[in-house]
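A short worksheet on the structure shown next.
The values are calculated or read from the model by the stated rules, or taken from the named source; none is laboratory data. For clarity, every value in this text was computed on a predicted model and none was experimentally measured. Virtual Cβ from ideal backbone geometry, glycine too; neighbours counted across all protein chains shown. All accessible areas refer to the heavy atoms of the entire protein, side chains included, with ligands and DNA or RNA removed. Shrake-Rupley method; radii C 1.70, N 1.55, O 1.52, S 1.80 Å.
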Amino acid sequence: MIEENENNGLFNWYHEADRKTRRVFWTCSAGWALDSADAVMYQYLIPLLITGLGITLVEAGQIASANFFAAAIGGWIGGWLCDRFGRARILQLTILWFSVFTFASGFAQNYEQMMALRILQGIGFGAEWAVGAVLLGEIIKPKHRGRALGTVHSGAAIGSGIAALIAGPLAAALPPEYGWRVAFWLGILPAGLIFFIRRGSDDSEIFKQARQRAKDTGQTISIASIFKPRIIRITALASLLAVGAQGAGYAVASYLTTFLGEERGLGTSIAGICVLINSAGGFFGFLVNAYISDRIGRRNVFRVFGAGFVITSSLYLFGPWGGNLYILIPLGFIYGFHQFGIYASFGPYFTELFPTELRGTGQAFAYNFGRAFSAIFVMVVPIVALTFPLSASMAMVAICGIGCALVATLFLPETAGRALHSLADLEHEAKSHG
């Protein structure tokens with residue numbers, strides 16, 4: 001029993017991993033943390049951007065939405081490129097791309113320039129998560145996949161916390177015309193991660209074998225292969241899951257600092273600290289998700305965290321707490337636990353759902369399809385807020401998102417602990433059933 005408990009420990013997989021796996025883990029974790037920091041940085045800076053660029057809340061939402069749609073397209077292309085040219089090489093490219101255009105966003109002078117720069121930035125950062133998750137997911141043991149990739153995802157909460165510090169206290173301490181610009185300029189830092197990725201040797205053996213098999217058989221994989229009859233059902237359901245979970249999260253997170261200012265009466269700096277506390281809760285949510293995902297299954301963990309998100313976000317948004325930080329801070333910690341924690345199983349689940357030859361394409365498309373169409377949720381919130389309070393608008397849109405995610409879990413297969421499969425495995429399975 002003791003040995004079994006040791007094997008099931010949250011970090012046991014790390015002690016068993018070789019140096020290559022550990023280096024890939026830390027690189028992917030750092031990349032995902034800084035990717036996440038940039039993704040939410042814009043959201044936290046919306047109040048300053050409205051003043052600094054002279055834009056409206058609706059226009060700020062349009063820029064965020066355009067960034068999400070660009071990420072979907074860039075992610076889909078990037079995923080296909082990593083299936084064709086290698087995981088490690090494309091991971092380097094995507095990290096460099098989104099870092100450069102995040103930095104450039106700090107030089108925007110108006111709505112049009114910020115829109116163009118965020119679209120270009122989105123093309124690069126859309127693929128980073130999926131490519132990194134595939135790279136690590138293919139070299140980790142099946143029994144540890146949920147814990148390893150879930151731990152990588154905890155970097156999202158760290159990134160959100162970094163973004164909250166930069167967009168909150170740091171930006172507020174600087175002159176208004178420069179605070180938000182400095183926040184974007186710091187986005188060049190992730191570019192240094194490209195020196196920790198080794199192009200050829202970091203790709204998994206299972207991927208190298210699949211490439212060789214495709215070369216030997218003359219098999220060609222197109223960017224649209226994930227829509228073929230054998231795959232399209234998984235593609236559609238995985239995309240719906242990603243739409244629902246991310247749409248719900250962004251519907252609340254995108255306007256959280258605005259809500260805390262308008263309805264709770266908190267200043268920008270204090271609101272940033274509250275969001276930082278939410279992110280701290282999210283960090284532990286990721287770790288708990290990572291630990292239980294391999295035990296209770298991928299589908300159940302989405303259901304548990306989805307239900308928790310609805311309950312705790314409703315209390316956070318509607319509770320009669322006013323600006324009472326003694327209540328908002330601990331409640332925000334619990335809300336953040338569920339809001340961020342739900343994402344931890346995307347990596348292992350999508351890695352297991354798609355065959356090796358299409359893993360990058362399918363995973364990047366599904367996740368970024370969710371990211372893109374979560375933009376609709378983000379756009380709808382201020383429109384609904386023209387009729388209802390902002391808090392009610394955020395909650396209504398978020399509940400719709402969680403509903404979509406839960407529906408997807410009813411039709412997707414359970415994959416926890418399953419060995420990764422290839423297109424050849426699917427063909428063999430089809431013949432055996434035929």
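Looking at the chain, the accessible area is 38 square angstrom per residue; that uses a 1.4 Å probe and ignores ligands, DNA and RNA. Lys143 exposes around 100 Å² of accessible area when a 1.4 Å probe is run over every protein chain in place. For segment 136-215, the square roots a ≥ b ≥ c of the C-alpha gyration tensor eigenvalues yield an a/c of 1.5 or more together with a/b exceeding b/c, which makes the shape prolate.
Amide H contacts of His421 (H built 1.01 Å from N, in plane; Pro and chain starts excluded): Thr356 sit under 5 Å, all sequence-distant by 5 or more or on other chains.
Judged by the mean number of other Cβ atoms found within 10 Å, the most tightly packed of the peptides 310-321, 244-255 leads the ranking 244-255, 310-321. When only Cα pairs below 8 angstrom with a gap of at least 6 residues are kept, segment 150-300 shows a relative contact order of 55 percent. As a fraction of the 1.4 Å probe accessible area of segment 300-389, surface on carbon and sulfur atoms comes out at 80 percent. Each of Arg233 and Lys20 was given a label point 7 Å from its Cα along the Cα-to-Cβ line. The distance between the two points is 3.5 nm. The value of relative contact order for the chain, using C-alpha pairs under 8 Å at least six residues apart, is 27 percent. Candidate membrane-span-like segments in the chain, meaning DSSP H helices with Cα atoms spread over at least 24 Å of their own axis and a Kyte-Doolittle mean of 1.0 or above, are 87-105, 232-253, 268-296, 390-411, with no membrane implied. Before rounding to the nearest 500, sum -39500 (n - 2.57) across all DSSP H runs of length at least 4 in the chain and divide by the residue total; then give [θ] at 222 nm in deg cm²/dmol. Taking each H run of at least 4 residues, the total per residue is -25000 deg cm²/dmol. FRET efficiency for the pair Glu205 and Leu96, taken as 1/(1 + (r/R0)^6) with r the Cβ-Cβ distance and R0 = 25 Å, rounds to 0.45. Computed over the chain, the convex hull of the alpha-carbon atoms projects to a mean area of 20.7 nm². Close amide H contacts of Asp203 (hydrogens built in the peptide plane, cut-off under 5 Å, sequence separation of 5 or more or a different chain): Ala88. Computed on protein heavy atoms with a 1.4 Å probe, the accessible areas place Arg19, Arg230, Arg87, Arg303 in the order Arg19, Arg230, Arg303, Arg87, largest first. Sorting the segments 398-408, 26-36 by their residues' average number of neighbouring beta-carbon atoms within 10 angstrom, most packed first, yields 26-36, 398-408. Spin-label pair Leu386-Ala419: with each label point 7 Å from Cα along the Cα-Cβ axis, the two points sit 5.7 nm from one another. Kirkwood's formula applied to the C-alpha pairs of segment 173-301 gives a hydrodynamic radius of 20.2 angstrom.
Packing, as the average of other Cβ atoms within 10 Å across residues, places the peptides 277-290, 214-227 in the order 277-290, 214-227, highest first.
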